[in-house]
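Chemist: One structure, pasted below without further comment.
The values are calculated or read from the model by the stated rules, or taken from the named source; none is laboratory data. This structure is a prediction, so every number in the text was calculated from the model and none was measured. Cβ placement follows ideal geometry from the backbone for every residue including glycine, while neighbour counts extend to all protein chains displayed. Heavy atoms of the whole protein, side chains included, go into the accessibility calculation; ligands, DNA and RNA do not. Shrake-Rupley method; radii C 1.70, N 1.55, O 1.52, S 1.80 Å.
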Amino acid sequence: MSRPPTFTPPPCARARVLGTERGDFAVLDAAPPAPVRATVLMLPGYTGSKEDFIALLEPLCAAGYRVVAADGRGQYESRGTDRQETYAQGELARDVLAQAAALGCGDGELHLPGHSLGGQIARAAVLLDATAFRSLTLMSSGPAEVVAAQRDKVKMLSDALSVLTMGEVWEAMRALDPPQDADTGDGADMRHRWLAHHPAQLIATGAQLAAEPDRVDELAAVGLPVHVLSGERDEVWPVELFDSMARRLGARRTTIAGAEHSPNTARPLETAEALAAFWDGLPAV
């Protein structure tokens, strides 16, 4: 579970609702002083939220980028339903396309980074329609299903969510994984975020992580510039898989020293620098 350093947006950002043709989504919208180089739409991972990118907002704004970090359907402050079918990957990908349209960027003007599960949803959106996007960044997001140990964890969580309340599951997780929330006070924000997630969303997207097929060749055929970014260690997908995926895609590859599965929270300045360097280096459209 990603632990952002704070849940309070920096001065450059505001929390708002992004209205789309597929419903409303809670976002953090961070805008730099003019001129704006480009707009970035960021998608969080499993059990995460838009706040997982909060430490990236100021450095990316300083580099000239407008950043919109979004809670997906049923994540934290975005509304969802109790029906698992509404969280099918194709539905979530169409949500991303609707968010892109609502941001009002022209064709090929929007950068799309996704962390972990968010990367696989971002990939699915690009495979549906890449028109809106200038680039795709897969941040700690592997080519196919998560490793066996993570599949076991996802199944355990899904089984628990089927019979227990979100509060009961939280207490069970804390017992198994002692708090490490020195940087987020007593963990009240983490608990609040967890309780706001829809169980159906977690069950449905967990099943996706455990069964995601390898679609790397499909993505390579799209021809969109891709950046594969990860920490130097990762327990969800082996780092070697990120290396091979980048080679198959002909993608830029960045490894953030000192980071594991969430370089965006562990090493935000280095991660922001790597993201901006990738975008700055792309040829003009």
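Chemist: What distance in nm lies between label points placed 7 Å from Cα along the C-beta direction at residue 16 and residue 83?
Modeler: Using points 7 Å along Cα→Cβ, the separation is 3.1 nm.
Chemist: Apply the Karplus parameterisation 6.51 cos²θ - 1.76 cosθ + 1.60, with θ equal to phi minus 60°, to every residue of the range 106-113 and state each ³J(HN,Hα) to the nearest whole Hz, in sequence, with x for glycine and proline.
Modeler: With coefficients 6.51, -1.76 and 1.60, one gets x, 4, x, 10, 10, 8, 10, x Hz.
Chemist: Calculate for the chain the 222 nm mean residue ellipticity that helices alone would give, adding -39,500 (n - 2.57) per DSSP H run of length 4 or more and normalising by residue count, nearest 500 deg cm²/dmol.
Modeler: Rounded to the nearest 500, the figure is -12500 deg cm²/dmol.
Chemist: For residue 234, enumerate residues with amide H under 5 Å from its amide H, sequence gap 5+ or separate chain, H modeled in the peptide plane.
Modeler: Excluding prolines and chain starts, which carry no amide H, the hits are 239.
Chemist: Still on this model: List the residues, sorted by chain then number, that are 5 or more residues from residue 132 or on another chain and whose placed amide H is less than 5 Å from its amide H.
Modeler: Amide H neighbours of residue 132, under 5 Å, 5+ apart: 108.
Chemist: Run the numbers for residue 211 and residue 91: contour at 0.36 nm per residue of separation, minus the present Cα-Cα distance, in nm.
Modeler: That works out to 41.5 nm of additional length.
Chemist: For the range 220-278, what is one quarter of the convex hull surface built on the Cα atoms, given in nm²?
Modeler: In nm², the orientation-averaged hull projection of the range 220-278 is 4.0.
Chemist: If you don't mind, there's one more thing I want to ask. Sequence gap at least 6, Cα distance under 8 Å: using those rules, report the relative contact order of the chain to the nearest whole percent.
Modeler: Relative contact order for the chain comes out at 20 percent.
Chemist: Still on this structure, please answer the following. Going by accessible area, probe 1.4 Å, with all protein chains left in place, what is the ranking of 197, 261, largest first?
Modeler: 261, 197
Chemist: From largest to smallest, what semi-axes in whole angstrom does the range 1-115 give when each is the square root of 5 times an eigenvalue of its alpha carbon gyration tensor?
Modeler: Working: eigenvalues 103, 58, 25 Å².
So the equivalent ellipsoid measures 23, 17, 11 Å along its semi-axes.
Chemist: Quick one: which residues, 5+ away or cross-chain, put their amide H under 5 Å from the amide H of residue 76? H built at 1.01 Å from N.
Modeler: Excluding prolines and chain starts, which carry no amide H, the hits are 197, 198.
Chemist: What distance in nm separates the two pseudo spin-label positions at residue 156 and residue 273, each 7 Å out from Cα along the beta-carbon direction?
Modeler: 3.7
Chemist: Just reorder 192, 115 by solvent-accessible area, largest first, 1.4 Å probe, all chains present.
Modeler: 192, 115
Chemist: If the convex hull of the alpha-carbon atoms of the chain is projected onto planes in all directions, what is the mean projected area in square nanometres?
Modeler: Working: hull surface 53.5 nm².
The directionally averaged projection comes out at 13.4 nm².
Chemist: Write down the accessible area per residue of the range 91-217 in Å², having rolled a 1.4 Å probe over the full set of protein chains. Before the final figure, lay out the partial values.
Modeler: On the way: 5070 Å² over 127 residues.
Accessible area per residue, the range 91-217: 40 Å².
Chemist: Given the convex hull over the Cα atoms of the range 88-180, what projected area results after averaging over all orientations, in nm²?
Modeler: 7.8
Chemist: Right, something else. Give or take rounding to whole Å, what are the principal axis extents of the alpha carbon atoms in the range 188-266, in descending order?
Modeler: Principal-axis extents of the Cα atoms in the range 188-266, largest first: 41, 29, 21 Å.
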